[in-house]
Amino acid sequence: MLERMEGTENALACLHDEDYDVPFNTQNLNADTLVFLGGRPTQSLNGDWNFCVDLLDTGLRQKWHTLTPMPAEERGEPYDYDPYVGETVPVPSCWSMLKEKWYFFEGSAWYTRPIDFDGLGVDERLFLRVGAAQYDCKVFLNGEFLGNHYGGSTPFNIDLSSYIKTGRNWLMLVVNNTRTLDRVPMRNTDWFNYGGIYRDVVLFKTPKTYIKDLFIALEADDCYDKVNIEVEVAGSSNVPVTVTCPELAINVQVALDKHGKGQTQVSCKPELWSPESPRLYDFQATLGRDTVSDRIGFRQIKQVGTELFLNGQSIFLRGISVHEDDEFKGKVLLDSDLHQRFEHAKELNCNFMRFAHYPHDERAAKMADELGFLLWEEIPVYWAIDFNNPATLKDAQNQLKELIKRDRNRASVIIWSVGNENPDTDERLAFMRSLVDLANQMDKTRLTSAACLVNHSKNRIEDRLAKFINVIGINEYYGWYDEKFEDLIEFLDNSDPGKPVVISETGADGYIGEGKLEKGFFSEAYMAEVYKKQIATLREREFVKGISPWILYDFRVERRQNMFQRGWNRKGLIASDKKTKKQAFHLLSAFYDELKNGLD
Ligand code: GCU
């Protein structure tokens with residue numbers, strides 16, 4: 001049967017064309033097209049969107065986006081999906097969680113919705129912003145391909161100004177979550193490969209010339225009396241950007257160079273931000289009719305030798321690792337989920353959280369700013385990556401740039417992590433060094449790290465990347481994957497890192513559901529025993545300056561199917577119900593309580 005599609009020049013040819021997706025893989029929506037959102041009024045596009053899974057990319061082959069809306073009986077040709085009618089799903093959502101038949105679905109899915117628009121003023125632009133879509137998101141408006149974005153956890157913008165019509169428009173987003181050899185992460189992860197548009201989608205307007213970026217931070221010179229302000233403006237402007245903060249009596253004009261960029265430094269002595277005193281200040285930046293705002297905390301994080309200093313005081317990071325995962329919603333997070341996360345971290349007496357293994361929802365770092373938690377944020381350069389592939393490096397660099405541009409005004413974020421448990425090869429070293437260099441070049445106010453592996457051949461900390469990062473993350477599972485717990489002591493004795501070490505992961509599975517064991521591997525008792533030994537051993541080590549055990553909550557993962565896991569990783573200190581605490585929760589909480597009260 002020969003499909004005839006208006007937009008498919010020769011339907012038969014389209015069946016034989018395996019390069020069908022090349023025109024739709026421009027990756028032109030990236031860190032360079034990000035627009036600062038702080039304080040801008042937005043129109044939500046959340047809600048019901050028409051939806052269709054498309055395993056074989058029939059849609060891109062047949063060019064479903066070229067179909068125009070019309071009643072079914074008026075269609076003049078056969079078609080395999082009509083984007084304008086049919087089944088709907090809520091946005092944000094993960095399709096994996098909506099229907100049993102979509103649980104493991106990996107492929108493309110079409111999202112379509114109307115936008116009724118009242119027109120653009122002469123001095124207006126209209127932007128679309130997608131908070132996150134897992135993994136590749138292609139944007140079509142009124143049948144025209146506008147671009148695509150790679151990366152499953154970072155926001156992206158597209159300027160619709162030249163394409164939006166007054167009246168009814170049709171927006172189509174084609175999201176593809178297939179795991180491939182060239183993506184970041186690649187095809188093997190220890191977390192569930194959800195698919196979908198799982199964070200907010202909004203529209204917002206700006207003047208033709210608008211504030212594209214704003215970065216405000218304390219000068220990291222141990223004086224705590226200078227604030228640096230960087231702005232970037234899109235469009236032509238011969239007037240400066242005005243930046244104000246009434247509480248600090250700041251009202252400064254930032255002149256722009258020919259590229260629309262400007263920076264200045266103002267003298268002032270803000271109250272410093274810290275977990276104990278999360279002091280934030282309200283800033284506004286104005287250029288003509290454009291105004292953006294943000295809440296800024298001022299602090300200095302520094303690494304000297306094996307010490308970490310926050311505002312000149314040495315600190316120990318009392319942490320916990322967290323995934324973005326929910327028993328019912330997958331990666332979709334409500335404010336209440338975030339409040340629960342921080343409430344549990346507080347009960348653990350934490351001052352630190354490792355947001356693994358990808359950029360979490362931007363609300364999380366904003367909440368950490370308000371509540372007083374220090375954060376490790378990370379891009380998913382996880383396990384095996386195609387370290388030799390320039391396209392993969394471009395993808396990783398872009399995800400890091402997007403994360404840094406999105407969160408560099410967040411006082412809570414102290415560490416940018418460029419990866420997790422990658423093999424120590426020449427190719428990986430070159431790949432990761434370029435990411436560390438990029439982070440240092442974009443942001444001189446934070447530390448860099450990565451979660452490194454134990455060098456098992458020598459049972460010591462030895463990873464060539466350690467030379468280039470400020471904080472050495474170490475994932476060690478002595479007592480679990482490394483069954484001989486005593487080797488941890490030898491590992492620590494053998495190591496002389498010369499830099500602060502954060503035990504970025506340690507732990508054990510503890511299953512507490514139906515059919516649980518009273519002792520042995522996967523029992524709650526064994527998990528507690530591992531925590532007891534780890535705490536007793538790690539607390540003695542001078543170069544260990546932080547711990548973020550794996551992990552706060554049990555989380556979903558395809559690769560774990562034994563009778564205690566059944567598709568879940570059970571290392572959570574709290575079960576997947578996000579309520580039931582395991583014995584180890586109380587052990588860690590007590591340990592951190594001692595540290596917090598200086599009893600250590
Ligand atoms: C690794 C990895 C985690 C994984 C954990 C585990 O260290 O970084 O992503 O979930 O171990 O095996 O539970």
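The values are calculated or read from the model by the stated rules, or taken from the named source; none is laboratory data. The model shown is predicted, which means the values in this text are computed figures rather than measured ones. Glycine also receives a Cβ, built like all others from the backbone with ideal geometry; neighbour counts cover every protein chain displayed. Side chains included, ligands, DNA and RNA excluded: accessible areas come from the protein's heavy atoms. Shrake-Rupley method; radii C 1.70, N 1.55, O 1.52, S 1.80 Å.
Annotations
- Test: residue 459 is over 30 Å from residue 31 (Cα atoms), open to solvent by less than 60 Å² (accessible area, probe 1.4 Å) and touching a residue at least 12 places away in the same chain (Cβ under 8 Å): yes
- Residue match in the stretch 319-332 (condition: part of a loop (DSSP other than H, G, I, E, B), under 20 Å from residue 191 (Cα atoms), touching a residue at least 24 places away in the same chain (Cβ under 8 Å) and open to solvent by less than 10 Å² (accessible area, probe 1.4 Å)): yes
- Residues in the stretch 159-172 that are assigned to a strand (DSSP E or B) and either open to solvent by 10 Å² or more (accessible area, probe 1.4 Å) or among the aromatic types (Phe, Trp, Tyr) (or both) were compared, and the one that is farthest from residue 54 (Cα to Cα) is 167.
- Hits in the stretch 503-522 - residues which are under 15 Å from residue 573 (Cβ atoms) and away from the ligand (no atom under 16 Å from the Cβ): 512
- Once the stretch 435-480 is narrowed to residues that are in a strand (DSSP E or B) and not hydrophobic (A, V, I, L, M, F, W, C), the residue that is farthest from residue 315 (Cα to Cα) is 455.
- Here the condition is being within 16 Å of the ligand (Cβ to nearest atom), buried (at least 19 other Cβ atoms within 10 Å of the Cβ), more than 17 Å from residue 321 (Cα to Cα) and modelled with pLDDT of 95 or more; of 470, 422, 409, it holds for 422 alone.
- Residues (in a strand (DSSP E or B) and either open to solvent by 20 Å² or more (accessible area, probe 1.4 Å) or within 17 Å of residue 174 (Cα to Cα) (or both)) located in the stretch 192-216: 196, 197, 201, 202, 205, 212
- Scope the stretch 481-502; condition open to solvent by 20 Å² or more (accessible area, probe 1.4 Å) and either assigned to a strand (DSSP E or B) or within 16 Å of the ligand (Cβ to nearest atom) (or both); matching residues: 481, 482, 483
- Against the criterion of being in contact with a strand residue (DSSP E or B) (Cβ under 9 Å, 6 or more places away or on another chain) and either under 23 Å from residue 177 (Cα atoms) or assigned to a loop (DSSP other than H, G, I, E, B) (or both), residue 86 qualifies.
- Hits in the stretch 577-593 (condition: open to solvent by 10 Å² or more (accessible area, probe 1.4 Å), in a loop (DSSP other than H, G, I, E, B) and under 12 Å from residue 510 (Cβ atoms)): 580
- Scanning the stretch 543-567 for residues that are more than 10 Å from the ligand (Cβ to nearest atom) and under 21 Å from residue 353 (Cα atoms) turns up 543, 544, 545, 546, 547, 548, 549, 552, 553, 554, 556.
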